[in-house]
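The structure under discussion appears below in the form of structure tokens.
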Number of protein chains: 2
Amino acid sequence: MRATIMHRSHDVRIENVADAAIKFPTDAVIRVTRACICGSDLWPYNDGPTPGGQPMGHEAIGIVEDVGSEVRTLKRGQLVVMPFAYSDGSCQFCDEGLNTSCVQGGFFGSPDVGGAQAEALRIPYADGTLYPLNVGPDDALMPSLLTLSDVMGTGHHAAVVARVSAGKRVAVVGDGAVGLCGVIAAKRLGAEQIIMLGRHADRIVLARAFGATDIVSERGDEGIARVRDMTGGFGVHSVLECVGSEGAMTTALGIVRPGGAIGRVGVPHYDGIAAKQTFFDNIVIGGGPAPVRAYIDELLPDVLEGHIEPGRVFDRTVDLDGVPDGYRAMNDREAIKVMVRP
Amino acid sequence: MRATIMHRSHDVRIENVADAAIKFPTDAVIRVTRACICGSDLWPYNDGPTPGGQPMGHEAIGIVEDVGSEVRTLKRGQLVVMPFAYSDGSCQFCDEGLNTSCVQGGFFGSPDVGGAQAEALRIPYADGTLYPLNVGPDDALMPSLLTLSDVMGTGHHAAVVARVSAGKRVAVVGDGAVGLCGVIAAKRLGAEQIIMLGRHADRIVLARAFGATDIVSERGDEGIARVRDMTGGFGVHSVLECVGSEGAMTTALGIVRPGGAIGRVGVPHYDGIAAKQTFFDNIVIGGGPAPVRAYIDELLPDVLEGHIEPGRVFDRTVDLDGVPDGYRAMNDREAIKVMVRP
């Protein structure tokens, strides 16, 4: 079968690899019907992948093609969402809704389990990992449903951890797909003011459509000053940090109000969080890999009923052969998020 | 009047200073009936105070002796709790219960406002700052009521921020008065397991009396391993970090469970918090100067009804002349917490 392998920085190839196959009795194999390229895929695209070649892709919708002997809830032909992390669905962390800390879990897009930017993929702990969908494989809602595998659940996680609730002032740092989904999540949770920190015209249009009330395009100290101006000088109750760079975190710390919270969902590319300012201002900092599997129960009805349309973050669709150029387009900020139809 | 001034590391003196007096119309002056020495006073005791001499003491109960022309809710003769921070009681942060971020607020025990280890003290924003008590000035509950000025409210803050609730596994780092009050707070909020990390026999006895279910006296990696052994290998849901040293924070990070929370109430003497481990484990970190003024409403009834007895942390009482030796005794771990009767 064909799959996406990243060999080096800026070197993404579509290659023939061994067919995905059941390895353990709790596995399933899915035929990928939709996958996509993630903003987090751009970190290895720029900084270098796992040595020896990294199979890419951790977001997918697919059709169950084969199941191991111990898979109980899934049958061949079932359409499913594949969250970016696999999880057994039965450990204490899965029970508590933190599937990304599952004791037997792990992440797709690695040499161990392969990636979803491929024709097919083996799914560990299929019963716990996959979320069944009761729509057709070409349903018009497919883009929005696909975001439940990562970006919509991740934006929601940032908002939950940042304690967004009715009437709160919120800022979203990062205008990528996750940040845009963070705007949707903040609005959905009742935020009164939603400030998007971003500078790309196409993304700003979408942020406004999703519910952003203010846009701040300045960066660094200037951006911080602008947000403070817009919030009575004190900053916002909730910051959704959707980038992971040191600059983004510095901005987040600069615009959060005393007693406020920062929800981090960008993989951190910095080592330490300022311990003193956050203490004296009673700032809460949380977040991490979003347990998107657990959030689907809450988010899916809003997608099915059309209350939220996170699928609008996809502004380009490619087949497998188009994946390398899809990386380039996202890296050049030509595309917000690229959907893959293998 | 006589007051405690710290001149240098280990150099605490009782001196004659100008009488406390009204300076602004919103001020009051209290005659201090009870004060105490705080674990946080040992930081300047060891590392050096504010240059020029630092008036010490930020916890007190006292009798209102004089009020400014704009004080509306307090009269002469009223017995009051003086929280360690003053606050106007009317800004948006005070409204939200975060008095320690009051826009006009500040902290006692500084050259600007003086300290409570003294015969009397000027209280800025008296209406917002002081909390009236309806008991006599020598009531048997006085030690416990005095803890509402800092340590009991601070232990409670650590527990609230660390999200202690019914059935949770909790660890308390630090066996000083705040840590011991943290044990009371964790039990009061329904924790199932309360592990005290401490090594002083007298404090361990008290921790057990307050509700600690387990004691870990090992330190560093050995202590971390012991806590993990006691918690199924995963660590605790909630850590109350009641010290503020780098070692205490390292321990907190080592024993917190994925998805858990750390409530910091020890003034941090370290610069950065590990950004990556906390991210991948979805750890929440919060805390800061406790808004003890706001917590009195919740905690006072439990003190008055005898459900909690935080006053048991006091194991020595001195008059003003005994204050310098009180510092020494607390610093040498001869006393847990020293009460001052000026």
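The values are calculated or read from the model by the stated rules, or taken from the named source; none is laboratory data. As the structure is a computational prediction, the values presented were derived from the model and not from experiment. Here Cβ is always computed from backbone atoms with ideal geometry, including for glycine, and neighbour counts include all displayed protein chains. Areas reflect the complete protein model, heavy atoms only, side chains present, ligands, DNA and RNA absent. Shrake-Rupley method; radii C 1.70, N 1.55, O 1.52, S 1.80 Å.
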Test: residue B:39 is within 23 Å of residue B:268 (Cβ to Cβ) and open to solvent by 40 Å² or more (accessible area, probe 1.4 Å): yes
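A quick yes/no check of all residues on (1) within 19 Å of residue B:280 (Cα to Cα); (2) surrounded by fewer than 23 Cβ atoms within 10 Å (Cβ to Cβ):
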| residue | (1), (2) |
| --- | --- |
| A:12 | no, no |
| A:17 | no, yes |
| A:23 | no, yes |
| A:43 | yes, yes |
| A:52 | no, yes |
| A:88 | yes, yes |
| A:97 | yes, yes |
| A:110 | yes, yes |
Segment A:257-286 residues that are at the interface with chain B (Cβ under 7 Å from one of its Cβ atoms) and among the basic types (Lys, Arg), paired with ones that are assigned to a helix (DSSP H, G or I) and open to solvent by less than 40 Å² (accessible area, probe 1.4 Å) (beta carbon under 8 Å, 6 or more apart): A:264/A:158; A:264/A:161; A:264/A:249; A:264/A:252; A:264/B:279
In segment A:105-130, the residues that are assigned to a helix (DSSP H, G or I) and hydroxyl-bearing (Ser, Thr, Tyr): A:129
Single match in B:265, B:313, B:303 (criterion: closer than 30 Å to residue B:139 by Cβ, in contact with a Leu (Cβ under 8 Å, 6 or more places away or on another chain) and in the same structural domain as residue B:192 (by TED's automatic domain parsing)): B:265
Lone unmet requirement of (1) touching a Cys at 6+ places or on another chain (Cβ under 9 Å); (2) open to solvent by 10 Å² or more (accessible area, probe 1.4 Å); (3) assigned by TED's automatic domain parsing to the domain that holds residue B:39 for residue B:136: (1)
Single match in B:245, B:238 (criterion: open to solvent by less than 20 Å² (accessible area, probe 1.4 Å), within 14 Å of chain A (Cβ to nearest Cβ), polar (S, T, N, Q) and under 22 Å from residue B:288 (Cα atoms)): B:238
